[in-house]
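Report on the following structure.
Throughout, read-outs are computed from the coordinates displayed, never taken from laboratory work. As the structure is a prediction and not an experimental result, all values here were calculated from the model. When we count neighbours, we look across all protein chains shown, and the Cβ atoms used for this are built from the backbone with ideal geometry, even at glycine.
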Amino acid sequence: MRLYGSTTSPYARKARVLIKEKNLPCEFVVEDPWLDDSPIIARNPFSKVPVLEIGPGNYLFDSVLVVHYLDHVDGKPLTPKDPAGYWQVQWCQALGNGIIDAVIARLLETRRPEDKQMPAKITREEARVRRAVDLAETRINVSGFLVADRFTLADLVLGVALQYVDFRYAHDWRSRAPRLARWHAGITRRAAFEQTLPPGFVKP
Ligand SMILES: N[C@@H](CCC(=O)N[C@@H](CS)C(=O)NCC(=O)O)C(=O)O
């Protein structure tokens, strides 16, 4: 397998953390999806990363599908099989993916020329992040993991999402969500997280 991505993409990082957690045989290839002639276009018509090559000329795109595939490819999914656990993990993934979407939308707006930026758009994306953090704070349980009593895709995706907040929208979310902050500190100490930090990341 081969994973195409960038070193700063949180969507690609979900797959990279998972590959390391499971020690899957998968080469990581850095490509820039933003280029007009990006080689990613031939693999994903939307020219977005991550893209996972699962066979000659056989590509999966969109991080939700890529993560789902990687989670099942070795027959040892990090997703519980019981319905309650399964749907809780999906719920946490949706929350994490929503945080990433909001942080990216905010980032892109802040990168427009200053006179063209819409402050209301930035505020709206920041409010999404704030509400998601507040909701996540209510879901922390005593086991040290979000769902059941083991590391699942819930921990992986929300862990990556909140580290992307620290990377691109650094602010003090921890004082409003102290239990979430404690959980996050523990999860992100895992080797798979440490080994995939974006370049220039400053630990809070
Ligand atoms: N829904 C997609 C979003 C992927 C995405 O937006 N990736 C960004 C990198 S962080 C990208 O490739 N952007 C290139 C572009 O928007 O042209 C997923 O989950 O994979």
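Translational diffusion of segment 57-174 was estimated from the Stokes-Einstein equation, with Rh taken as the Kirkwood radius over Cα pairs; at 20 °C and 1.002 mPa s the coefficient is 137 µm²/s. Here segment 125-204 and segment 1-78 have alpha carbon centers that stand 22 Å from each other.
In this simple spin-label approximation, residue 73 and residue 35 carry label points 7 Å from Cα along the Cα→Cβ vector, and these lie 2.4 nm apart.
Within the straight-line cut-off of under 21 Å between alpha carbons, the lysines reachable from residue 203 are 14, 20, sequence neighbours fewer than 8 places apart in one chain being disregarded.
Diagonalising the gyration tensor over the Cα atoms of segment 28-114 and scaling each eigenvalue by 5 before taking the square root yields semi-axes of 28, 22, 8 Å, largest first.
Note on segment 1-73: Cα-Cα pairs beyond 19 Å make up 23% of the total pair count.
In whole percents, the pair-distance distribution calculated for segment 126-170 from its alpha-carbon pairs, binned every 5 Å from zero, is 5, 20, 27, 26, 14, 7, 1.
Extents of the chain, largest first, come to 51, 48, 29 Å (Cα atoms, principal axes, whole angstrom).
Within a straight-line Cα-Cα reach of under 23 Å, residue 116 cannot be paired with any lysines, leaving aside sequence neighbours fewer than 8 residues apart in one chain. Work through the residues other than residue 5 whose Cβ is under 15 Å from its Cβ and net out their charges, Lys, Arg +1 and Asp, Glu -1. Residues near residue 5 contribute +2 overall.
Remark: the Cα gyration tensor places segment 126-204 in the oblate category, a/c being 1.5 or greater and a/b not exceeding b/c.
About the centre of its Cα atoms, segment 38-160 shows a dipole size close to 280 debye [charges on the beta carbon of Lys, Arg (+1) and Asp, Glu (-1) only; nearest 20 debye]. Expressed to the nearest 5 percent, the antiparallel share of DSSP beta bridges inside the chain is 65 percent. For a straight C-alpha distance cut-off of 16 angstrom, the aspartates and glutamates reachable from residue 48 (same-chain residues fewer than eight places away being disregarded) are 31, 32, 36, 37, 62, 101.
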